[in-house]
Structures are given as C-alpha cells and as structure tokens.
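**Q** The structure's right below; bear with me while I get my questions together.
What follows draws every value from the coordinates through simple rules; no lab data is involved. What you see is a predicted model; the values in this text were computed from it and never measured. When we count neighbours, we look across all protein chains shown, and the Cβ atoms used for this are built from the backbone with ideal geometry, even at glycine.
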Amino acid sequence: MEGNGEPPRLIEFDGMALPPFLPLKQDAKKRFEEIRNLECRKDDVILAVFPKSGTHWVWEIACMLLKNKAEYTKETKEFLFLEAIPDISLVDNIPSPRPLNTHVPYRWLPKQHIENGGKIIHVLRNPKDVAVSMYHHFDNTKEFGEVPDFKTFYEAQYLGPVKPFGGWFAYEKEFEEAEANDTRGTIFTVHYESMKKNPIEETKRLAKFLDVDVNDEIIAEIAEKCSFRKLKEANATVKDHSRLSKLHPNAREIMMKMYRKGEIGDWKNHFTVAMNEQFDAKFKEEMKDSKIQVQYE
C-alpha cells in the first residue's frame with residue numbers, strides 16, 4: 001500500500017487505469033480478451049457502466065425485473081462482475097437470463113452479445129458527482145492505497161494522463177456512438193439522476209426494454225426496495241459477501257462502504273470555483289460534438 005501522499009498505483013492497459021482485481025493484476029489483457037470472446041446466450045443482459053455511476057443500484061432493479069419479484073438477490077453484483085470474478089467460466093453455471101455487469105468500454109464488450117442483438121443497459125451519471133463518488137470510494141476502502149485529498153485525486157487520476165477505465169469523456173462518447181449506430185434498439189441508457197428523481201417511471205421504461213410484463217404494484221415495490229436507504233440496509237443484512245473473498249481479502253469491509261450518499265449534486269461540496277470552471281471548459285471542449293445532456297442537479 002502506498003504512503004507518504006503518493007497516488008495509488010493502478011494497473012494500466014489499453015490506455016486505461018484499472019483497479020487491482022486479481023484477474024487484472026495477473027493478466028489484464030487476457031481478462032479483457034476473455035470478456036470480448038465470452039460465449040453469450042441470446043437472453044443475456046449486460047450492464048455496462050462507468051465506475052461509480054450506479055451499477056449496484058440498477059443491477060438490483062434489473063435482477064428484480066427479470067424475476068418479476070421485488071426480492072433482493074443474495075449474491076452481490078460482483079458475483080457476475082466480468083473483470084473481477086476469479087474464473088470467467090463461472091458464469092456458465094448461472095441460469096438464464098444472466099444479468100452480467102462490467103465497467104469495460106463498449107469496444108471490449110462481448111462480440112457475440114453485440115452480434116446476437118443482446119440487451120445492454122447503460123447508466124449515465126454526471127461526471128462531477130462521479131469524480132466525488134470515486135474519490136470517496138478510493139479513500140474509504142484504501143484498496144488502491146492512500147488518496148491525499150480530492151483535489152490531488154481529481155487532477156492526478158480523474159483527469160490524469162491515464163484515467164480510470166479511460167476516463168468519463170472517452171467512455172461516454174464511445175457509448176454514445178454505439179447507441180447512435182444501434183439500429184436494433186439493443187442499448188438502453190438511463191440517467192442516474194432521472195432514476196433518482198422518477199424511479200417508478202424509469203423502472204417502467206427499463207421493464208419495457210427488458211420485455212418484462214410487470215404490474216404497477218411490483219414496479220412500485222421495486223422502486224421502494226431499491227431506494228438508496230433500503231439498498232444500503234440490504235447490502236449489510238441480505239447480501240452474501242463470503243464468495244468475494246477470492247476477489248479481495250477485505251471484500252466484506254469494502255462492500256460495507258460501497259453505499260455512501262447516493263445524492264445528486266454532492267460535487268458542489270468538493271469542487272472549488274476554479275476547479276468547476278476548469279471542468280466546465282474541459283467538458284465543453286471534450287463533448288463539443290456530443291449530444292449528451294448531463295443533469296448536474
């Protein structure tokens with residue numbers, strides 16, 4: 001573990017900084033190729049989401065919809081997290097429909113899934129709140145070493161030369177292009193903020209995308225059980241974290257810190273005026289050809 005204010009040393013591959021999951025530490029290229037060449041089923045559902053953008057939350061909603069029950073799964077989403085599970089062939093034993101999840105960019109998603117017209121759920125969260133959530137995750141878990149302060153993390157890592165999973169801008173622009181070329185309607189994008197503000201309406205949209213016939217009563221119950229407070233409680237009381245010990249020796253401790261605030265606009269408590277102006281200028285330049293409408297509040 002790094003000390004003396006040094007930034008965490010992350011694994012680097014394909015222009016991305018990656019977390020130290022065991023398969024990535026052993027051979028990141030091999031694991032990414034295993035993901036790309038994964039044998040898929042036609043009814044697989046893949047959540048492909050940039051880190052700290054609501055993967056746990058929307059994964060739980062999708063699992064409930066696929067079961068047509070407002071019932072938590074005992075497994076955590078890490079059990080089906082493609083870049084972290086010890087042996088990717090473990091997903092072969094999962095009954096269909098499999099709710100797989102990953103943070104890899106679109107170009108590394110399973111080729112067969114895309115060719116099959118498999119469903120992809122993508123969650124988009126405003127990049128300022130993503131930065132804050134990622135900073136606190138790194139700082140709370142210490143799984144990447146010591147993180148001195150938000151400003152250091154923001155400048156050295158979030159906007160650094162080698163960014164987590166290639167950085168928010170590149171990740172989201174790649175997904176935007178894929179969705180623009182998606183003639184079969186296989187990509188569903190939901191805004192984190194929209195899901196937070198209108199959970200029932202957005203859950204209904206997701207159910208329609210998944211071709212699940214769910215009545216309004218179950219939709220309302222799913223929305224209630226997947227509120228931030230309820231999910232945080234379920235994470236501590238329902239979820240079985242024992243299987244995650246192979247991913248990380250302190251898996252349970254890390255998972256207990258996975259849910260922090262889940263709020264919209266927490267970036268205002270962390271960004272200085274100068275940092276905010278710098279980010280807005282960078283966003284304007286990076287996203288000048290993009291039609292993505294970010295919700296900051």
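**Q** Can you give me the relative contact order of region 49-168 as a percent, contacts being Cα pairs under 8 Å and 6 or more apart?
**A** 30
**Q** What nm value, rounded to one decimal, do you get for the distance between Asp92 and Lys74 when each label is placed 7 Å out toward the C-beta?
**A** 2.4
**Q** Could I ask something else about it? Nearest 5 percent is fine: what portion of the DSSP beta bridges confined to the chain is antiparallel?
**A** The antiparallel fraction comes to roughly 15 percent.
**Q** Still on this model: Would you mind computing, in nm to one decimal, how far apart the modelled labels at Ile264 and Thr152 are, each placed 7 Å from Cα along Cα→Cβ?
**A** In this crude label model, Ile264 to Thr152 measures out at 3.4 nm.
**Q** Would you mind putting 59-65, 199-205 in packing order, based on average other-beta-carbon counts within 10 Å, highest first?
**A** Order by mean packing, descending: 59-65, 199-205.
**Q** On to the next question. Given Cα pairs under 8 Å that are at least 6 residues apart, what percent is the relative contact order of the chain?
**A** Answer for the chain is 27 percent.
**Q** Give, in whole angstrom and from largest to smallest, the semi-axes √(5λ) of the equivalent ellipsoid of the chain, with λ running over the eigenvalues of the Cα gyration tensor.
**A** After diagonalising the Cα gyration tensor, the semi-axes are 27, 22, 21 Å.
**Q** Under the definition of Cα pairs under 8 Å and six or more residues apart, what whole-number percent is the relative contact order of region 116-183?
**A** It rounds to 20 percent for region 116-183.
**Q** Same structure, new question: Sort Leu100, Leu206 by Cβ crowding within 10 Å, fewest neighbours at the top.
**A** The most exposed by this proxy come first: Leu206, Leu100.
**Q** Using a 10 Å cut-off around each Cβ, can you sort Leu18, Leu159 from fewest to most neighbouring Cβ atoms?
**A** Going from sparsest to densest Cβ surroundings: Leu159, Leu18.
**Q** Based solely on its DSSP helices, what 222 nm [θ] is calculated for the chain when runs of n ≥ 4 H residues each add -39,500 (n - 2.57) and the sum is averaged over all residues, nearest 500 deg cm²/dmol?
**A** -12000 deg cm²/dmol
**Q** First select every other residue whose beta carbon is under 13 angstrom from the beta carbon of Gly166; then total the charges, Lys and Arg +1, Asp and Glu -1.
**A** Surrounding charge for Gly166 is -2.
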